[in-house]
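Asks: The following block contains the structure, expressed as structure tokens.
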Amino acid sequence: MGAVKSKRVPRAVREQQMLDAAVLTFARRGYRAASMDEIAEVAGVSKPLVYLYLNSKEELFSAVIRRERAALVAAVTAAVQPGEAADRQLWSGLRGFFAHTAEHPAGWAVLHQQARTHGEPFAVEVADMRAEIVAFVTELIGMAAKEAGCVGELAEREVAGLAHALVGAAESLAEWANTRTDEGPSGDQEHPTAKDAAATMMNFAWTGLGHLMGGERWTPGGAGGEGGRG
């Protein structure tokens, strides 16, 4: 009897296996220290095959960033239900963001820590991703202002600034949530849930936005030079 031929793995599946291995390796080692040998070993393929599919470490890293970026943006937008009130949309989007970063910590580490620190073209990909999310949040804050009847009071620049601040805070909180552990009911160490992280973000941001929508603004005046609402 002739030898049984092994089933050939489709190219698309093989590429995803290599990207999965690359994400884990880049997150663990960093871009500079990660080697194609280790990536090939984790993927269970030969190094020449990795080069055949993805040409170089730079192209492999770029492919990883593009995939992880698309997955994160898709997770955030898919979590939001159009037609809901602005606060519910923001809440849903935040839960989608924190759930995705918690479920894919290596991918988030590559985007948030590795890609941003190695210059073009990597940092550009991450900047574009952030711009997409900021634009989405800007739209939600603008919608909230419209619902509150204070569109004229919130300048376009102020809305954009609030969106950038909110996204930056969410990014920082995601990193914190992925590294911090608390003791759960069973006594085991657990990371804060996506719901907990989203609630923290809403308490931080939406309460302040609520005062702003109501016409209350913090000012640097007041007795003794202390801040206050004006």
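Asks: Test L72 against the criterion of being open to solvent by less than 30 Å² (accessible area, probe 1.4 Å), among the hydrophobic types (A, V, I, L, M, F, W, C), closer than 12 Å to L140 by Cβ and in contact (Cβ under 8 Å) with a residue 40 or more places away in the chain, and give yes or no.
Replies: Here the answer is no, as L72 does not meet what is asked.
Asks: Looking only at the range 13-57, count every residue that is of a type outside the set (K, R) and more than 21 Å from A106 (Cα to Cα) and tell me the total.
Replies: Matching residues across the range 13-57 total 7.
Asks: Here's a check for you: in the range 43-57, which residue that is hydrophobic (A, V, I, L, M, F, W, C) and open to solvent by less than 70 Å² (accessible area, probe 1.4 Å) is nearest to H118 (Cα to Cα)?
Replies: So the residue we want is L54.
Asks: Hey, another quick one. Against the condition in contact with a helix residue (DSSP H, G or I) (Cβ under 7 Å, 6 or more places away or on another chain), more than 30 Å from T207 (Cβ to Cβ) and either of a type outside the set (D, E) or buried (at least 20 other Cβ atoms within 10 Å of the Cβ) (or both), how does R28 come out, does it pass?
Replies: No, not satisfied.
Condition check ((1) modelled with pLDDT of 85 or more; (2) part of a helix (DSSP H, G or I)) across all residues:
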{"residue": "A169", "(1), (2)": "yes, yes"}
{"residue": "E175", "(1), (2)": "yes, yes"}
{"residue": "S186", "(1), (2)": "no, no"}
{"residue": "F204", "(1), (2)": "no, yes"}
{"residue": "T207", "(1), (2)": "no, yes"}
{"residue": "E216", "(1), (2)": "no, no"}
{"residue": "G221", "(1), (2)": "no, no"}
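Asks: Oh, and also: Just checking, how many residues over the range 104-123 are at pLDDT 90 or above, assigned to a helix (DSSP H, G or I) and either among the small types (G, A, S) or within 25 Å of A199 (Cβ to Cβ) (or both)?
Replies: 6
Conditions tested, residue by residue: (1) outside any helix (DSSP H, G or I); (2) free of Cβ contacts under 8 Å to residues at least 40 places away in the same chain; (3) open to solvent by less than 60 Å² (accessible area, probe 1.4 Å); (4) out of contact with any helix residue (DSSP H, G or I) (no Cβ under 7 Å at 6 or more places or on another chain).
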residue	(1), (2), (3), (4)
V76	no, no, yes, no
P82	yes, yes, no, yes
R95	no, no, no, no
A102	no, no, yes, no
E125	no, no, yes, no
I133	no, no, yes, no
M143	no, no, yes, no
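The values are calculated or read from the model by the stated rules, or taken from the named source; none is laboratory data. Quantities reported herein were computed from a predicted structural model and do not represent experimental measurements. Heads up, the Cβs are rebuilt from the backbone with ideal geometry, glycines too, and the neighbour counts pull from every protein chain shown. Ligands, DNA and RNA are excluded from the accessible area calculation, which covers all protein heavy atoms including side chains. Shrake-Rupley method; radii C 1.70, N 1.55, O 1.52, S 1.80 Å.
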